Every structure is written in structure tokens, then in C-alpha cells.
Amino acid sequence: MPEISAEQVAHLANLARIALTEEEIAHLTTELGQIMQAVEQVNQVATPDVPPTSHPIPMQNVFRADVVTDDVLSPEQALSGAPERDGDRFVVSAILGEEQ
Amino acid sequence: MSHSDELIRLSAAELARRLGRGEVSSVEATQAHLDRIAAVDGAVHAFLHVNAEGALRAAAEVDRARAAGESLGELAGVPIAIKDVLVTEGMPSTSGSKILEGWIPPYDATPVRKVREAGLVPLGKTNMDEFAMGSSTEHSAYGPTHNPWDLDRIPGGSGGGSAASVAAFEAPLALGSDTGGSIRQPAHVTGTVGVKPTYGAVSRYGSIALASSLDQIGPVTRTVLDAALLQDVIAGHDPHDSTSIAEPWPSMAEAVRRADVQGLRIGVVKELDTDGFQAGVRQRFHESLELLERNGAEIVEVEAPNFEHAIAAYYLILPAEASSNLAKFDSVRFGLRVTPQGGGTVEQVMAASREAGFGPEVKRRIILGTYALSAGYYDAYYGSAQKVRTLVQRDFDQAFAKVDVLATPTAPTTAFKLGEKLDDPLAMYLNDIATIPANLAGVPGISLPAGLAPEDGLPVGIQFLAPARQDARLYNVGGALERLLEAEWGGPLIAKAPDLSTHELTATEEGAL
């Protein structure tokens, strides 16, 4: 059972793009350790001979014809919830920071 | 009892019958439910949004179509509440999160489209734990829902709003979603009926995804027949959901109407019949089984040794899938955008938006999922959890080789007090011990009222599970047990729920409105 450190939680928060506060990081570090301790029992029974299941109902790949049907969103609908738009485009802030 | 008070207490099936015979109009029935919502929802808080105008318009359209002799679905004109996890055109859809506050989706989820096409009347959107993460609705960003049986207690979760809305007679029907018990556990604590259909029976298109391999949409009602009628409306193949099962379904309503347990083999899961369950929960469970046995069912004990690892596997698989699904909330295409002081890059805006928009349980699970999926830990956690999933499926296969359905108490305890488990995530997660195995294996489950626990007078549910695609077996055993129990009780259990009209004033006085 690897110990979970505050640095690790801060790194995970960065990967998950959540600007956690120092207080949240401290709180989550404790909780995450407790939760991982409770769930690591899966290792006891997950022996190499057991195949993993990703999906409960076995299915083959599902394909459809590559044609645009009439039930797709219009540009207006697709943009209707955008926090900021410019014509038919979503507006975002700079991709690169000054230091980059 | 006033006419309006009588209308809200009818089952959906009975209301539909009266609508069909012209004894009542859909506008009258809809108005009666809107009046009830206005009277009691300040205290219950089952709804996040009530669409009175849209509901009355839809009701008037059904009345017009009926008067014109048009062919209508069996439930046409019956009001329905919709869990906020389902996107709805013209109604805000937040999934209980601030990050989606005020968002009005440009399309209907498939189950919503189907209920509209069948002539049902959407009343509004029901409260839930944020992104369906929780067992009490206390993780809703908009405040908790209160259990109509005792307003100081939780209504279950994540679909506490849907369950409370039917328990409080604010709607005869509701839609829910069940990822680890979010339909069945609220049914258990509110004395109502909830069904998680087979994975893939109902389309997930337009359901704001929590864990895609576990989520399933299903009915929330006061009677087993009503749940069956609603499942018959929402089930079926949908090309928009590639995990949707492309096979026809038999009528679930027929299964209820023909319900008979003579010769039915019912397996009691030994691992879920222990001292870990509250005494009154176990007592009502065993009384129900004895009643079924006296009426021709055969009760046998079965073992499911891997169920004890189900919660652990679930709390690795769910956060892993959730952390991926919730990446879509990026402040670009829809939802909240928060720009840090002095501006920032798109990634900084994203991080600030997600920090402000997500609640503590959502952050906890995203971080947990990100950890379980990270390089070096993937095999030990996510990979191992997927293996446990195989073992749980094997337990089900072995059990169903011996019996037709399985029976368990739905949840370990009756409704607990609001706030009681809020600071202890692990204690909260244990609420779903009996419901999670079905989600891991994709099999269907039902919870229906089994009585009141003698020690606290609160509702207790019994759960039945069936093999994948055999949802009709749940409706058979559920319909039969409901009939037998109601004959003993002299009516439905929900008739024993306290009269909420007295609570309205109290809530107002305390400023809860």
C-alpha cells in the first residue's frame, strides 16, 4: 500500500485540472489514503487467472453508416450553451502562457 | 378528501384508466400535482425545477388529442417527474451541480423523448446528489431533499428527489438513474418502488454520464405495475447508444398482471443476510420470504462469496470512469466558466472553473479515479477491480443456475438522519452494499416496500435480482409480493406515510422555504 502524499494529490489535481486549495489538498490526502486502504482488498482475489471485465453485457463493435442524418445538432444549438462565442466558434483564452 | 387530493393519490395505472374513460382530464390531473408541489415541496425539496406552464400545455395537448379520437399510449396524460441527470429540451439540466447551473440542453435524452412521445406530462426536474455521486442527496449543490416519512431524514440517493416526489404524491411516476443503487436504495428508504433494468435495456443517450459501464435509467413509482408500465415506455433499442440492447422486450406490465410465484425458486444471498443489517430490515425481509413460500415459492440459500469485494471494486471502477466522463466540463462548450484574476491560459481557466463548479464529493472521486488510472497503479487498482467484476458475474451465474431470482434486503438500514454520515465517505459508501453487485454484473434489480421497521417505524424495502434480460421475472415476483403484502396490510404501505400538509407551515415558519 503506497502512502499518498500531499505532493501526489497536488499532482493528481493538476492532471484532473482542478485548482484545489491547500486546505482541500490536505483534507483529500487523508481521505484518499483511507479510501485506498479500504479498496485495496481487490488485490487479494484478482489473481492472474481471472480475466478482467470492462463491460457487463458482452457486445461486438457497433457500427453505423458514415452518413450525416437529420438528428444532429445545428451550429446554433451546439453553441447555445457556450460561455463565450464568436460567430459559429467557441472562444477560449490563450492556449500558451507568457512563460511558454 | 377533495377531488384534487384524491387524484394525486391514484396510481399511474388507475389515473390512466380514468383519463382514458374521460372521467378526468390531463389538465386537471396535472394541475392537482402542481398544486401539491406548491403545497409541500418547500418542505420536501424534491424538485430543482418545476415547469408548470410547459406541463399544462403538454396536458392540454393530450386532452385535445384524446377528444379528437387520436390513438394514445396507455399512460398518455399522466404526469411524470424527471431526474436532473437526464437532459431535457426547454428545462434546465444540472445533474445537481453548480457547474451546469442554468444550462438548457439543446436536445432530449432518449428516455425523455420516449415519455413525451407516449403522452406523459413532464412536471419538472428532480434533485439528486451532484452527478449522482451519493446515497443521500446531501451532495446536491442545491441543498438536500427531505424524506417525506420524516423530514429530518435522508430520502436516499442519488435519486432522492425522484423517490421523494412519488412518496410525497407530487408525481405518480418519476425517472431515475442507477449506477450503484441510486434508484433502488431511495425506494427502500421512502417506501416506494424502484427498478434498475438490465444494463442496455434503456438508452443512456442524454443521461449525463457518471460511470458509463454501470449507469442505467429506470422507473421510480409507488406500485410495481406502474414501474412496469413505465419500463415498457422507456425500454428498447436506441442507435444513439452503442451499448443499447438490440432485442425486443416482452411486456413488463403483462408480467405483473399475470404474477404468480407458484414453483418460483428464490435464492437468498447468504452474504447479504447478516448482522450487518438492521434488525427490522432483516425481520421484514424474512417475513416477505415466508409469505412468498406460503404461496408456492421455494426459498433456498445461495452463496456469493465475491460480493464482499464488490464495494471495493465499485469504488475503483466508478471514480475511474467518472474522472474520464467529467473531463467534458472544460468551461469551453457549455457550463460554468471562471477566469482567474488577471486572466490565464485555457488550462488555468479550466482548473479555476472546475474548482468553483464541483462539490467536495465530485472532487474526491475525480482525484481517486485519476489516481486509480495513473501509470504504475493501473494494474493494481483498476485492472484488479475489473477482475473482481468477473468474479461477481460468476457468482451470479452460479446462483442463477440454481434459482430463478435472488432476494436481499435492499440496504442495510432505514433512512438515517440528514448530516449523520456526511463526514464519513466510507460509511456512506456502505449503504450500497446490496445494490452494487447488480451494476457490476449488468443484471436487473427491483426494490419494493416490505413494511415498516418495528424499531423506528420507517420503510424497509426488499430487493430481487434476475439474470440479464430477465427483467420480467422481477415484475412477476414483485407484483406477486406486493399483492400479498397489501392484502395483509389492507392497502399500500405508502398510505401510512405522514400527512405532509401539516409540515408546510412548520417549514415556512422555520424559513426552510
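Just a few scattered comments:
- Exactly one residue out of B:421, B:387 is in contact with a helix residue (DSSP H, G or I) (Cβ under 8 Å, 6 or more places away or on another chain), among the basic types (Lys, Arg) and without any contact (Cβ under 8 Å) to a residue 12 or more places away in the chain, and it is B:387.
- Taken over region B:297-318, the residue count meeting the criterion of being outside any loop (DSSP other than H, G, I, E, B), crowded, with 20+ Cβ neighbours inside 10 Å and within 14 Å of chain A (Cβ to nearest Cβ) is 12.
- Region A:1-21, residues that are over 15 Å from the mean Cα position of the chain (by Cα) and not aliphatic (A, V, I, L, M): A:2, A:3, A:5, A:7, A:8, A:21
- From the list B:269, B:193, B:233, the lone residue that is among the hydrophobic types (A, V, I, L, M, F, W, C) and closer than 11 Å to residue B:475 by Cβ is B:193.
- For residue A:26: the one exception among (1) more than 7 Å from chain B (Cβ to nearest Cβ); (2) more than 21 Å from the chain's Cα centre (by Cα); (3) part of a loop (DSSP other than H, G, I, E, B); (4) hydrophobic (A, V, I, L, M, F, W, C): (3)
- So residue B:34, is it modelled with pLDDT of 95 or more and out of contact with any Pro (no Cβ under 9 Å at 6 or more places or on another chain): no
- Among the conditions (1) buried (at least 19 other Cβ atoms within 10 Å of the Cβ); (2) touching a residue at least 40 places away in the same chain (Cβ under 8 Å), the only one that residue B:143 does not satisfy is (1).
- The listed residues are B:23, B:70, B:74, B:14, and the only one of them that is assigned to a helix (DSSP H, G or I) and either buried (at least 18 other Cβ atoms within 10 Å of the Cβ) or not aliphatic (A, V, I, L, M) (or both) turns out to be B:14.
- Filtered residue count, region B:166-182, keeping only those that are touching a Leu at 6+ places or on another chain (Cβ under 9 Å), in contact (Cβ under 8 Å) with a residue 60 or more places away in the chain and either in a loop (DSSP other than H, G, I, E, B) or surrounded by fewer than 24 Cβ atoms within 10 Å (Cβ to Cβ) (or both): 8
- Condition check for residue A:70: more than 7 Å from chain B (Cβ to nearest Cβ), out of contact with any Gly (no Cβ under 7 Å at 6 or more places or on another chain), exposed (fewer than 11 other Cβ atoms within 10 Å of the Cβ) and at pLDDT 90 or above: no
The values are calculated or read from the model by the stated rules, or taken from the named source; none is laboratory data. Source: prediction; values computed, not measured. Don't worry about glycine lacking a Cβ; one is built from the backbone with ideal geometry, like all the others, and counts go over all protein chains shown.
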